Amino acid sequence: VSLSPLGLPLGQLRATVKAGGATLAGVPVEFKVGNKVVCTTATAETGTATCNGGSQVLNLVLNGGYTATFLGDANHLSSTARGAILK
């Protein structure tokens, strides 16, 4: 899982899931700010998952970012990465 910094619009969380250099489409990604799950969503055809974390802007700042976890599937182990709010 690789992450992009907090994007526009404010609170947009993003993660890309790759395996062996290829992106994975349709796999679940869980976004957390601190210990709170903000959303769980599947990746698009580009391997990118997005989540609207706008309601968590204060917590994003206080926690210094967010985490995204690829929950794994029958062929791939789970993976977690941390995203900063600024790059």
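With every protein chain in place and a 1.4 angstrom probe, the accessible-area ranking of Leu77, Leu13, Leu58, largest first, reads Leu77, Leu58, Leu13.
Here the contact order of the chain, divided by its residue count and restricted to Cα pairs under 8 Å and six or more residues apart, works out to 33 percent.
Which residue, Ala25, Val57, Ala74, has the largest displacement toward the positive end of the dipole of the chain when charges sit on each Cβ (Lys, Arg +1; Asp, Glu -1)? Highest projection toward the positive end goes to Val57.
Heavy-atom accessible surface of the chain, averaged per residue, reaches 56 Å², computed with a 1.4 Å probe. D by Stokes-Einstein for the chain, Kirkwood Rh over Cα pairs, 20 °C, 1.002 mPa s: 170 µm²/s.
The values are calculated or read from the model by the stated rules, or taken from the named source; none is laboratory data. Since the model is a prediction, treat every value here as computed from it, not as a measurement. Positions of Cβ are generated from backbone atoms using ideal geometry, with glycine treated the same way; all protein chains shown enter the neighbour counts. All accessible areas refer to the heavy atoms of the entire protein, side chains included, with ligands and DNA or RNA removed. Shrake-Rupley method; radii C 1.70, N 1.55, O 1.52, S 1.80 Å.
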